[in-house]
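The values are calculated or read from the model by the stated rules, or taken from the named source; none is laboratory data. A quick note: this is a predicted structure, and the numbers were derived from the prediction, not measured. Backbone-built Cβ (ideal geometry, glycine too); neighbour counts: all protein chains shown.
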Amino acid sequence: MKRKITTSTVLLLIITLVLSGSTFACTDIVVGKNASTDGSVITSHTVDGRYDSRIQIIPAQDHKAGTMAPVYENIVYADHKDLVKLGEIPEVEHTYKYFHGAYPYANEHQLIIGETTIVGAPETANSDEAIMTIEQLEVFALQRCKTAREAVKLMGKLAEEYGFRESCYRGECLTVTDPNEAWVFEVFGVGPMWTKDSGKPGAVWAAKKVPDDHVTVVPNFSRIRKINPDSEDMMVSDNYLQVAEELGLYDPHSKEEFYWNEVYGDVKGETSLRLWRVYSEMAPSKSWDYNKAAEYPFSIKADKKISVHDVIAMFRDTSKDSPYDMTEDEGWYYKDDDGKMIKSVYATPQADDDMRNLLDIEYYRPIARYYCSYFFVSQARSWLPDEIGGVVWFGLDNPENSPFIPMYVGIEDVPTSWKTLNRDKFDRDSAWWAFAQVDDFVNLRYGELREKVDSVLNPMQNHIFELQDQIEEKAMILNITEDQDAVKELLTNHTNSLMHWTENRYWKLADELYYEINNNNN
């Protein structure tokens, strides 16, 4: 494979290196319907970084002929930055209700989407004429599509027509699910010289179906490897080879095989603790080499079927009891008065850069991180009505220390505090601050306070799990009577009551933890 090195390429590479400290962010775990314990299709998303965690439920709407739909930038930062209109496209007659956040994630038909930014070849960086950001593509898919296949095709078409406006890391991945299928959709730009008037597609993309009996994970790098345009389980833009040749990413006359994730995803030699950890936990019967993550199969068959609870547990994972458990780094240990080596109560898997640099702790990026804005693990279920079958287990801040709340796609509203966010000042009217404060406090004396948080979180989460069957049975009874308004009211009240309860308990827990860490109490 050959690369054309230009001044712009070098500049983009420098930018990537400067920003690499925050590159390794969001994680998506995906489970096919025959791989899950109950037939659910599961996707998920940790939204790591400072992003808009407000829950906004955008109602279904009808539109007059000739209406135009705006295309925005800064959707991911809308809690603290103004939206910038980049353009517009023709509106459709009817748009579906959907759940809007930094990365919009679900609609009323159980179409659910996770996102994870992926590093790509610098040459794919697009021009300013490209307007389709990944979050705007999600909006249009959720507004206009009922199935994952429909969504992939629509997003690919819109990215080609209007140009994919990539993030600073250049590539994007969406894990797109419905009650029957799960797809991994990856998209890149086609280079800085693209213009809409050129008549050429403004994006290159590929999508691969996760086999029904498999699981996969996307940890910020491309997972699609071999391209087979003739397969029913793969979709790809017609220009994928042409663009690779034009940008100098691939020589079709060479004897080298075309691998999507090497050509566009730039993954050669990539390692990933998160990918290693998930595959090792899901299929421990196999041997997984941490240093060869880029060569792992796209998806695997787990040793046993996976429940939504198992995926939630993975989202709380900090690599404990593995060779990459940062709490076991020797930097945390000191000698007591008797000369015995003791682990400090400050030892935490959530140590920031300053703490790791001070103690010379080697960094291994686990799934659960302190800088997460929000997260979810979802279920799409074919045997249930959409209002009940689609559930997004949603939470705020760090998934290690926060509860997952079932938010059904049939609900109509959430508490005001879950729609409110100001991260530039402490705000007791915002639910996010309750969970963020607990996470901050526990990590100040993790060795002592972890148990206290677990004593609240674990019974709380188990109780929430236990309520799922009960509330869904009641909802199904109402559904049989065709009282859809009553179904939505029941589910809305259930989700809202859990959000109020968990938020209030976490405000109290934060006060309890503050007492424990107050240095005048010793």
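Quick look at the values:
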| quantity | calculated |
| --- | --- |
| Qualifying positions in region 305-323 - under 14 Å from Y279 (Cβ atoms) and either of a type outside the set (G, A, S) or surrounded by fewer than 19 Cβ atoms within 10 Å (Cβ to Cβ) (or both) | I306, D310, V311, M314, D317, S322 |
| Residue selected from region 436-448 under the condition surrounded by 17 or more Cβ atoms within 10 Å (Cβ to Cβ) and farther than 11 Å from A510 by Cβ, by the criterion farthest from the chain's Cα centre (by Cα) | R445 |
| Filter result (touching a helix residue (DSSP H, G or I) at 6+ places or on another chain (Cβ under 8 Å), touching a residue at least 40 places away in the same chain (Cβ under 8 Å) and in a loop (DSSP other than H, G, I, E, B)) within region 51-88 | Y51, D52, S53, R54, I55 |
| Hits in region 101-120 (condition: surrounded by fewer than 23 Cβ atoms within 10 Å (Cβ to Cβ) and either at pLDDT below 95 or outside the structural domain of S222 (by TED's automatic domain parsing) (or both)) | V119 |
| Condition met for R149 (of a type outside the set (A, V, I, L, M), over 22 Å from S378 (Cβ atoms) and in the same structural domain as A203 (by TED's automatic domain parsing)) | no |
| Tabulated pairs, region 413-435, first within 24 Å of N493 (Cβ to Cβ), second acidic (D, E) and in a loop (DSSP other than H, G, I, E, B), C-beta under 7 angstrom, 6+ apart or interchain | S417/D429; T420/D429; L421/D52; L421/D79; W432/D397; F435/D397 |
| D353 surrounded by fewer than 17 Cβ atoms within 10 Å (Cβ to Cβ), farther than 22 Å from M407 by Cα, touching a residue at least 60 places away in the same chain (Cβ under 8 Å) and not assigned by TED's automatic domain parsing to the domain that holds S53 | yes |
| Residues within region 179-202 that are over 24 Å from E115 (Cα atoms) and charged (D, E, K, R), tallied | 3 |
| Neighbours by Cβ (under 8 Å, 6+ apart or cross-chain): first from region 445-472, under 15 Å from S402 (Cβ atoms); second of a type in the set (S, T, N, Q) and outside any helix (DSSP H, G or I) | V453/N401; L457/N401; L457/S402 |
| Residue in region 149-165 that is at pLDDT below 95 and either buried (at least 24 other Cβ atoms within 10 Å of the Cβ) or of a type in the set (A, V, I, L, M, F, W, C) (or both) present | yes |
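Matching residues to (1) of a type outside the set (S, T, Y); (2) within 24 Å of the chain's Cα centre (by Cα); (3) on the phi > 0 side of the Ramachandran plot; (4) not assigned by TED's automatic domain parsing to the domain that holds I55:
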position: F298; (1), (2), (3), (4): yes, yes, no, no
position: G339; (1), (2), (3), (4): yes, no, yes, yes
position: S344; (1), (2), (3), (4): no, no, no, yes
position: S373; (1), (2), (3), (4): no, yes, no, yes
position: S378; (1), (2), (3), (4): no, yes, no, yes
position: L384; (1), (2), (3), (4): yes, no, no, yes
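Yes or no, residue by residue, for (1) modelled with pLDDT of 95 or more; (2) within 30 Å of G39 (Cα to Cα):
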| position | (1), (2) |
| --- | --- |
| K301 | yes, yes |
| K305 | yes, yes |
| M314 | yes, yes |
| T318 | yes, yes |
| D329 | yes, no |
| Y333 | yes, no |
| D338 | no, no |
| I342 | yes, no |
| Q350 | yes, no |
